[in-house]
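Enquirer: Sharing a structure below in structure tokens format, with a few things to ask.
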Amino acid sequence: MNASWLPALILLIPFVGALLALLNRRAAPYMTLLAAAITPILAILAALQVESHGLLTGTDGLFALDALGALYLLPVSFVYFTSSLYAIGYLRARRQEHPAGTPPRYREYFPLMNIFALVILAVPLVANLALMWIAIELTTVFSAFLVAYEDRAEALEAAWKYVVLTSMGAMIALLGVLMLYYGTHAVDQPPTWDGLLKAAPQIPAPLLLLAFVLWLIGFGAKTGLVPMHTWLPDAHSQAPASVCAVLSGVETSAALYMLLRIYPVLASNPGIHDPAAWYMTAGLITVGSAAFMLLQVHDFKRMFAYSTIEHMGIILTACGIGAAVHEQGTVYQLFAHGFTKSLCFYAAGLAGIVFGTQEIAKVRGLISRAPAVGWALVIGTLAIAGAPPFALFLSEFEILYTGFRTGQYLPTSLLTVFIVLAFIALAYQASRIAFGEPAGRSLPKVRLPRTSLAAMAMAIIPVFIFGFYLPPPLAHLVHQAAYLLEVHG
């Protein structure tokens, strides 16, 4: 079957959803939900096509989807759908909490969310490096309005900080893209991942290394690597939970996706010695810093934001540890992170509605007040911390097993310590929130929105199932994606 039309159609659906949402503001939530429901179906079809036939191209080379891109596309489309469903009731419930005169822009939210989803979906689909950079930069432009959605001073400040830091990073990354353009053009190769990989041995090593350092700083700011991470906790503490699910679950991974893709390019150049050391150093600094920050966090949405920083560091470290030996934990961690982190923020958003605050010290006995939300928060926290039997346990176990098996004892030992430290911090905070003694103050009974509860329930399914079972096509896709990070002589 010729499926070259799939990439263009995947991007067309949210674009049409945005137009319909603009034309009929009253129906905007449902137009968005319809577009978001179609997108995962198309993403699954595209992933199956890649799994069975290899690279999926379309529109005269404008689009190119391979196994790693398909593996990233799946959680993006799923989170787009669940966050759209979650937002319908959640935003209305949040609106009731605001004083008269400062209502959030409910009807503007949905067109922006569609365009935001479109540009994230474009990252793994477009073939040209410059178009990928443009897509990643546009995620900042559109998501900044969503971070500032509630029009409060704190939200506006967080959005401004987010725009300034990540846009500065994007300009630095652009210099790296231009250098790679020059390098591929000099050896008559197209500026695509395949062309870059073919050109890598012939590109001067200092030029390629400098381009990578610019990518590491520029895309690292967008990913939330330490010390460029400071925007991330602020943005996540102020944005609506439905936005946090997309920001934390899949948007930060878009820039990390770019860093993973350039690893085999570096390793293919004989003049660059041990590129894995760059990945392990940056990753371990990020994981270690996030683990210690988790010990002193006071806001549960910021807690999950620091957990995202930790996960970005784990994936970067894992790439350095295991890409050369076909270790699949790196790509599986990237895949599972999107599903799991969205669940955490869905539960956190509803917990904030139940208690009227995000401060951990004021939230106790969540399970007794709202059992469904409390158990979802516990499950999400354990899953994101890497506890069995959830999906992230499998990926983290394979990462650590590979590191010790291949004799990389120092970085693997440090990574183990940091993961355990983060696990203890997350488990401790979640137990206080869910099982702590309820506060003495009387809280009004809150009716939680059904659409948000339904989205939260849907988010639990892949987190749980993928810890036990991977369908054969998905397992093969993970294997293919890990193969793309290897160096092949």
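The values are calculated or read from the model by the stated rules, or taken from the named source; none is laboratory data. These numbers were taken from a predicted model, which means no experiment stands behind them. Glycine also receives a Cβ, built like all others from the backbone with ideal geometry; neighbour counts cover every protein chain displayed. Heads up: the accessible areas ignore ligands, DNA and RNA and are worked out on the full protein's heavy atoms, side chains in. Shrake-Rupley method; radii C 1.70, N 1.55, O 1.52, S 1.80 Å.
Enquirer: Relative to the compact globular guide of 2.2 N^0.38 Å, what is the alpha carbon radius of gyration of the stretch 248-340, as a ratio? Each step should come with its number before you reach the end.
Expert: Working: Rg = 13.9 Å, N = 93, 2.2 N^0.38 = 12.3 Å.
Normalised Cα radius of gyration, the stretch 248-340: 1.13.
Enquirer: Continuing with the same structure: Report the accessible area of Arg369, computed with a 1.4 Å probe over the heavy atoms of all protein chains in place, in Å² rounded to the nearest 10.
Expert: 80 Å²
Enquirer: Give the Kirkwood hydrodynamic radius (Å, one decimal) of the stretch 225-295, defined as one over the mean of 1/r across all pairs of different Cα atoms.
Expert: That comes to 14.1 Å for the stretch 225-295.
Enquirer: May I ask you to give the solvent-accessible area per residue for the chain, in square angstrom, as obtained with a 1.4 angstrom probe?
Expert: Averaged over the residues of the chain, the accessible area is 37 Å².
Enquirer: I would also like to ask the following. Would you calculate, for the chain, the mean residue ellipticity at 222 nm contributed by helices, counting each DSSP H stretch of 4 or more residues as -39,500 (n - 2.57) and dividing by all residues, to the nearest 500?
Expert: Counting only the DSSP helices, I get -25000 deg cm²/dmol.
Enquirer: Which whole-number value in Å³ per residue fits the convex hull of the alpha carbons of the stretch 201-253?
Expert: Roughly 73 Å³ of hull volume per residue.
Enquirer: Something else: Please list log₁₀ I(q)/I(0) at q = 0.15, 0.16 Å⁻¹ for the stretch 67-210, using the Debye equation with identical point scatterers on the alpha-carbon positions.
Expert: Debye intensities relative to I(0), on a log10 scale: -0.87, -0.94.
Enquirer: Computed from the mean reciprocal separation of all distinct C-alpha pairs, what Kirkwood hydrodynamic radius does the stretch 1-153 have, in Å? Don't jump to the answer; show the numbers that get you there.
Expert: On the way: mean 1/r = 0.0621 Å⁻¹.
Computed over Cα pairs of the stretch 1-153, the Kirkwood hydrodynamic radius comes out at 16.1 Å.
Enquirer: Now for a separate question. What is the dipole size for the stretch 259-356, taken about its Cα centre, with +1 at each Lys and Arg Cβ and -1 at each Asp and Glu Cβ, in debye to the nearest 20?
Expert: The dipole magnitude comes to about 240 debye.
Enquirer: Which pairs, out of Lys301/Lys362; Lys161/Lys362; Lys198/Lys222; Lys161/Lys445; Lys222/Lys301, put more than 25 Å between their alpha-carbon atoms?
Expert: Lys161/Lys362; Lys198/Lys222; Lys161/Lys445
Enquirer: Rg(Cα) of the stretch 387-489 divided by 2.2 N^0.38 Å?
Expert: With N residues counted in the stretch 387-489, Rg over 2.2 N^0.38 Å equals 1.54.
Enquirer: A follow-up question, please. Tell me the chymotrypsin sites (Phe, Trp or Tyr not before Pro) within the stretch 121-174 that lie in a loop according to DSSP and have at most 14 other beta-carbon atoms within 10 Å.
Expert: Nothing satisfies the criteria.
Enquirer: Any idea what the dipole of the chain comes to, in debye rounded to 20, about its Cα centre with Lys/Arg Cβ at +1 and Asp/Glu Cβ at -1?
Expert: 1680 debye
Enquirer: For the chain, which whole percent of the accessible surface, found with a 1.4 angstrom probe, sits on carbon and sulfur atoms?
Expert: Reported share for carbon and sulfur atoms: 69 percent.
Enquirer: Kindly give the semi-axes, whole Å and largest first, of the ellipsoid equivalent to the stretch 1-80, taking each as the square root of 5 times a Cα gyration tensor eigenvalue.
Expert: 26, 13, 9
Enquirer: Please determine, in degrees from 0 to 90 and to the nearest 10, the orientation of helix 6-23 with respect to the longest principal axis defined by the Cα atoms of the chain, where the helix direction is its Cα long axis.
Expert: With both axes taken from Cα atoms, the answer is about 30 degrees.
Enquirer: Order of 282-288, 372-378, 301-307 by packing, highest average Cβ count within 10 Å first?
Expert: Going from most to least packed, we get 301-307, 282-288, 372-378.
Enquirer: Further question on the same structure: Cβ under 12 Å from Tyr332's Cβ, Tyr332 left aside: what net charge do those residues give with Lys, Arg +1 and Asp, Glu -1?
Expert: Surrounding charge for Tyr332 is -3.
Enquirer: Size of the stretch 143-277 along its principal axes in angstrom, Cα-based, largest extent first?
Expert: 52, 27, 21 Å, listed from the longest principal axis down.
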